[in-house]
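S.K.: Just dropping this structure here.
The values are calculated or read from the model by the stated rules, or taken from the named source; none is laboratory data. Source: prediction; values computed, not measured. All Cβ positions, even for glycine, are placed from backbone atoms using ideal geometry, and neighbour counts span all protein chains on display. To get the accessible areas, we keep the full protein, side chains included, count just its heavy atoms, and leave off ligands, DNA and RNA. Shrake-Rupley method; radii C 1.70, N 1.55, O 1.52, S 1.80 Å.
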Amino acid sequence: MKEYNLESYLSRGVANIVKGILKASAGNPKESFFLMQYAKESLEAGRLRKEAEERGEHIPPFLIASITQQCNLHCKGCYARANHSCFDGAVRENLTAGQWGNIFEQAAELGIGFILLAGGEPFMRRDVLEAAAGQKKILFPVFTNGTMIDADFRKLLCENRNLIPILSMEGEKDTTDARREKGTYQKLRQTMQELQENGILFGASVTVQKQNMQEVLSREFTEALFLAGCRALVYVEYVPADRSSADLAPDEKDRVYIEDRLRQLRETQKELLFLSFPGDEKSSGGCLAAGRGFFHINPTGGAEPCPFSPYSDTSLANISLKEALQSPLFLLLRSSGNLMQEHNGGCVLFEQEEQVKKLRDKAAAMFPAGGRIASGNENGEKEAWA
């Protein structure tokens, strides 16, 4: 698909997601009422993006925001811990709740209607969740390990339907506990039961790799989640934490299998919303990172192409969201053809790590000042150039 069709492609995708969420909320009056109101806001957001496109300004429909560097679990193969964006002990200078709230406000004004909240574990930052809750023009899927949602958090979720918890798992009990610590699956089941009893819409996120593909894409697995109250399933292709686990990443044959199974599940389980990431990049003309369809904001404010390519030359601690979209690194990635390359794993930029670093350095040489930073070097350290 050519670049000039990108906004139309993204707008159709957003409309389909909103429609799917509305359908998934059927039978839940509180959710349905909020989501009908949000559907109107989504149309307005689309209008704002279209007007910007006509002015020559491309605004992506969603963002990914990692709001904390801390997590209460130590999952095997965790990408965030491997690249040092998640760790124990004292955190670096994370953005404040006020700064995040300002970013959310800017996003709404630009026409960005979805912001995926991640971490670390986002429920370790209640202050940021409360800031997000106040921005009703945006839907915030909160990607969580599900072990921290207590009665107080359930109250927050009940009162703010724009926060939708997405519980992460690897499959059934043995598969999930093998990666996420023993007893995690049972905690997840308890969380699901409590969310269902309180009428809170929630989804699940599953990392798909060669060893669990058949399990997590089975009718039995998805039906069990639906009966537990889950109404949306997000499948994320595995990206290796390091080269030693690269053989677990789905290859082209695996992706064909994944796409075929998703098509079958969508046809036979219409009551569930099925999403995949990155999905079929061919239909969108390549990877949607670096501002084409989204970009990632790390806990300290660095604007990165995506969570799996943690390199930045721009900090939202110093400049506006609109300015960050014109990050020299993003512009170089979008113009260089890197986003359109063929790849084996779930992330095209992960396989081009050295090229991304070179482009970051090139961007820094071209624009040596102005609030730009570079993040995620070989040692996981932050380098400041401003």
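S.K.: Report, in listed order, any pair from K23/K50; K182/K357; K210/K270; K136/K270 with a Cα-Cα distance greater than 29 Å. Please list the in-between numbers first.
M.R.: On the way: K23/K50 26 Å; K182/K357 38 Å; K210/K270 26 Å; K136/K270 27 Å.
Long pairs (Cα-Cα over 29 Å): K182/K357.
S.K.: Quick one: which residues, 5 or more positions from E172 or on another chain, have an amide H under 5 Å from its amide H? H modelled 1.01 Å from N in the peptide plane, none for Pro or chain starts.
M.R.: none
S.K.: Still on this structure: Ignoring ligands, DNA and RNA, what percent of the accessible area of segment 141-230 is carbon or sulfur (1.4 Å)?
M.R.: Solvent-exposed carbon and sulfur of segment 141-230 make up 47 percent of the total.
S.K.: On full extension of the chain, what length is gained from S335 through E130, given 0.36 nm per residue of separation minus the C-alpha to C-alpha distance?
M.R.: Working: separation 205, 0.36 × 205 = 73.80 nm, distance 3.76 nm.
Value of the extension gain: 70.0 nm.
S.K.: Oh, and also: Work out, step by step, the length gained on full extension between R47 and N318: first 0.36 nm times the residue separation, then minus their alpha carbon distance; give nm to one decimal.
M.R.: On the way: separation 271, 0.36 × 271 = 97.56 nm, distance 2.81 nm.
Extra length from R47 to N318 when fully extended: 94.8 nm.
S.K.: Between E354 and F33, take the C-beta separation as r, use R0 = 51 Å, and let me know the FRET efficiency to the nearest 0.05. Display every interim value, and only then the final one.
M.R.: Details: r = 50 Å, r/R0 = 0.99.
Calculated transfer efficiency: 0.50.
S.K.: Set the bar at 24 Å for Cα to Cα. Now go through K30/K155; K19/K173; K30/K322 and name every pair that lies beyond it.
M.R.: On the way: K30/K155 14 Å; K19/K173 32 Å; K30/K322 34 Å.
Checking Cα-Cα distances, K19/K173; K30/K322 exceed 24 Å.
S.K.: Ordered by residue, what ³J(HN,Hα) values in Hz, to whole numbers, does segment 178-195 give under the Karplus form 6.51 cos²θ - 1.76 cosθ + 1.60, where θ = phi - 60° and Gly and Pro are x?
M.R.: 4, 9, 10, 5, 4, x, 5, 4, 5, 5, 4, 4, 5, 4, 4, 4, 5, 5
S.K.: I've got another one for you. Can you pull the one-decimal nm distance between simple spin-label points at D251 and K270, each 7 Å off the Cα toward Cβ?
M.R.: If labels sit at D251 and K270, their model points lie 3.8 nm apart.
S.K.: Here is a further query. Kindly sort H296, H58 by accessible area of their heavy atoms, largest first, with the probe set to 1.4 Å.
M.R.: On the way: H296 10, H58 45 Å².
Reading off the accessible areas and sorting them downward yields H58, H296.
S.K.: Calculate, for segment 6-277, the solvent-accessible area per residue in square angstrom, rolling a 1.4 angstrom probe over the heavy atoms of the protein chains.
M.R.: Details: 11990 Å² over 272 residues.
So segment 6-277 comes to 44 Å² accessible per residue, rounded to a whole number.
S.K.: Now, a different point. Please state the charge dipole magnitude for segment 6-277, taken about the Cα centre, from unit charges on C-beta atoms (+1 on K and R, -1 on D and E), reported in debye and rounded to the nearest 20.
M.R.: Working: 35 positive and 38 negative charges, 78 e Å.
About 380 debye.
S.K.: Stretched out fully, how many nm does the piece from Q326 to A224 gain, at 0.36 nm a residue minus the Cα gap?
M.R.: Numbers: separation 102, 0.36 × 102 = 36.72 nm, distance 4.41 nm.
Working it through step by step, the gained length comes to 32.3 nm.
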